[in-house]
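Asks: Can you read through this structure? Questions will come right after.
What follows is calculated from the coordinates using simple rules that are stated; it is not laboratory data. Quick caveat: nothing in here was measured; it's all calculated off a predicted structure. Using ideal geometry, Cβ is built from the backbone for each residue, glycine included, and neighbour counts are taken over all protein chains shown.
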Amino acid sequence: MTRIHSIDLLKLIVAIGVVWAHATLTIGNFSPAIYVFGQGLVRMTVPIFALVSGFLFHSTFRNARIKGWLLRLLAVYLFWCLFYFPFWKADATSPTAILEHLVFGPLHLWYMAALGIALTLLTVVIKLSHDDAQANRRLLWLAIAGLAVGSALQVADFFTPLSIPLNAYRNGLFLGFPYAAFGFLIARHIHRHGMARLPGLGALAALFLLLALLRMAEAWLALQGFGMTVVPDFPPLALAFAATTLLATLRLDLPPAPVNLGFLSMMIYFLHMAVIFACLHFGLHDPSALFFVSAALPGLFGLLFLQALRALQARLPGLGDRNILGWRHMTPQPRAAAADASATAAPGTSPDSPRPQS
């Protein structure tokens, strides 16, 4: 399997969607059109990220790089928790509160915490299975069960007097794991049977458009019935949309980008909340401007970093072949580079990167 450059583009698009969502929610800039677009489509950014993460984790698993990858993921996660500590330290009132934040993730880093739990659980399930067939069955049914339980908790929280904490269902067990498991199973299927077994791009594009319309119709019905509130998703539709997005992306045959889109999406994901807080501090409250600045500045930082690295590689030619802080090939690879050099895709990572996607 060759490296799929369209995955990098997908992660960049989804990372920008995360910025849009956070900028919109922070300002509270809601209208019926924004609600339908956000609830119907942008809300799918996290499931898509998790699906892609599971898909690319298949390569990491086959190449027996799991332990090192998970340790680097943990190190990166803790670094960004420390980076953002000034923004969540007010909630760190006790050791228990700090531990809770680290387990479930502060701010947008909750996805990183969920990803680590999801991929650890995925690994344990596979390791405890006798063969691939049993592992596939277990992953499938556990993923379905996780989605069902998570959805049931959301429904109970929304439609009943029960007050269920957000972290009870927005976590690695009931959100991250199910989608990561489905992504892993898709990758395993392609590894065994090849891309030829997938539907064609035309059929997938048509299905994607249909599911996008259904997602927005679902959001419109929620708006009519409940106003601008976060109504629980219909899990089969959400899963179908995320999976179709991934499959259609896999069918795109794109050349390498002139820059490392995976690294840029990583910078956008990790840094955009800091930019949002800075913009609010200096009085920038226009939602469009906030969105643009919060996506552009981290992206620009990423470009400058890549340019500096390229200059360093020119001085030290052997540097490009080394693992720098766990990051391989920060500049674009040739089109024929193997996807087996991939790790997983957390928000904003490149397929070659062992780090992290809102």
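Asks: If I ask for residues that are more than 15 Å from Leu107 (Cα to Cα) and aliphatic (A, V, I, L, M), which ones from region 8-35 would you list?
Replies: Leu9, Leu10, Leu12, Ile13, Val14, Ala15, Ile16, Ile27, Ala33, Ile34
Asks: Exactly one condition in (1) touching an Asp or Glu at 6+ places or on another chain (Cβ under 9 Å); (2) among the charged types (D, E, K, R); (3) within 30 Å of Arg310 (Cβ to Cβ) is false for Arg188; which is it?
Replies: (3) is the only condition that Arg188 fails.
Asks: Out of Asp157, Asp131, which single residue is loosely packed, with under 11 Cβ neighbours inside 10 Å, more than 24 Å from the chain's Cα centre (by Cα) and of a type outside the set (A, V, I, L, M, F, W, C)?
Replies: Residue meeting the stated conditions: Asp131.
Asks: Still on this structure: Quick check on my filter: what residues within region 19-33 are β-branched (Val, Ile, Thr) and either surrounded by fewer than 23 Cβ atoms within 10 Å (Cβ to Cβ) or out of contact with any His (no Cβ under 7 Å at 6 or more places or on another chain) (or both)?
Replies: Once the filter is applied, which keeps residues that are β-branched (Val, Ile, Thr) and either surrounded by fewer than 23 Cβ atoms within 10 Å (Cβ to Cβ) or out of contact with any His (no Cβ under 7 Å at 6 or more places or on another chain) (or both), region 19-33 yields Thr24, Thr26, Ile27.
Asks: So is Phe241 out of contact with any Gly (no Cβ under 7 Å at 6 or more places or on another chain) and either at negative phi or in a helix (DSSP H, G or I) (or both) or not?
Replies: yes
Asks: In region 1-90, which helices (runs of 4 or more DSSP H) lie fully inside it and hold 1 or more residues that are polar (S, T, N, Q)?
Replies: Answer list for region 1-90: 5-27, 32-40, 45-62.
Asks: Taking the condition of being on the phi < 0 side of the Ramachandran plot and either part of a loop (DSSP other than H, G, I, E, B) or out of contact with any helix residue (DSSP H, G or I) (no Cβ under 8 Å at 6 or more places or on another chain) (or both), how many residues in region 167-216 meet it?
Replies: So the count comes out to 15.
Asks: Going by the conditions given, is Phe61 closer than 23 Å to Leu185 by Cβ, among the aromatic types (Phe, Trp, Tyr), surrounded by 22 or more Cβ atoms within 10 Å (Cβ to Cβ) and touching a Leu at 6+ places or on another chain (Cβ under 9 Å)?
Replies: It is false that Phe61 is closer than 23 Å to Leu185 by Cβ, among the aromatic types (Phe, Trp, Tyr), surrounded by 22 or more Cβ atoms within 10 Å (Cβ to Cβ) and touching a Leu at 6+ places or on another chain (Cβ under 9 Å).
Asks: Which of (1) under 18 Å from Leu121 (Cα atoms); (2) out of contact with any Gly (no Cβ under 7 Å at 6 or more places or on another chain); (3) of a type in the set (Ser, Thr, Tyr) does Tyr77 not meet, given it meets every other one?
Replies: (2)
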